[in-house]
Amino acid sequence: MTTLASILIVEDDPNDVELTLMALEEYNLANEVVVTRDGQEALDYLHRRGQYSNRSEGNPAVILLDLK
């Protein structure tokens with residue numbers, strides 16, 4: 001069985017997170033969606049540091065990044 005890669009969302013606005021999750025839900029994706037609130041938290045996720053030190057190995061299939 002193949003494990004699906006996650007989708008990483010980097011967004012600090014809760015309303016934008018909610019809209020993005022609703023849009024992804026419309027496509028019935030089976031991928032895990034991980035939400036981080038800023039760039040530092042996203043880097044911690046990617047490098048498996050801090051609160052993400054125990055997450056499973058592998059990188060997300062997609063990173064949705066809010067730059068502004």
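Please report the base-10 log of the normalised intensity I(q)/I(0) for the chain, using a Debye sum with one equal scatterer per alpha carbon and no solvent, at each q in 0.12 (1/Å). Each listed q corresponds, in turn, to -0.31. Placing +1 on each Lys and Arg Cβ and -1 on each Asp and Glu Cβ, with no other charges, gives the chain a dipole about its Cα centre of roughly 380 debye.
Pairs of Cα atoms under 8 Å, at least six residues apart: use those to get the relative contact order of the chain, whole percent.
Taking the mean separation of contacting Cα pairs over the length of the chain, I get 49 percent.
Once backbone amide H atoms are built at 1.01 Å from N, residue 34 has 7, 8, 9 as its partners under 5 Å, excluding neighbours fewer than 5 places away on the same chain.
FRET efficiency for the residue 28 to residue 3 pair, using the beta carbon distance and R₀ = 22 Å, is estimated at 0.80.
Length gained on full extension, residue 38 to residue 56, computed as 0.36 nm times the residue gap minus the Cα-Cα distance: 4.4 nm.
Every read-out reported here was derived from the displayed coordinates using simple, explicitly stated rules and does not represent laboratory data. Predicted model only: the values in this text are computed from it and were never measured. Note that each Cβ is placed from the backbone with ideal geometry, even for glycine, and that neighbours are counted across all protein chains shown.
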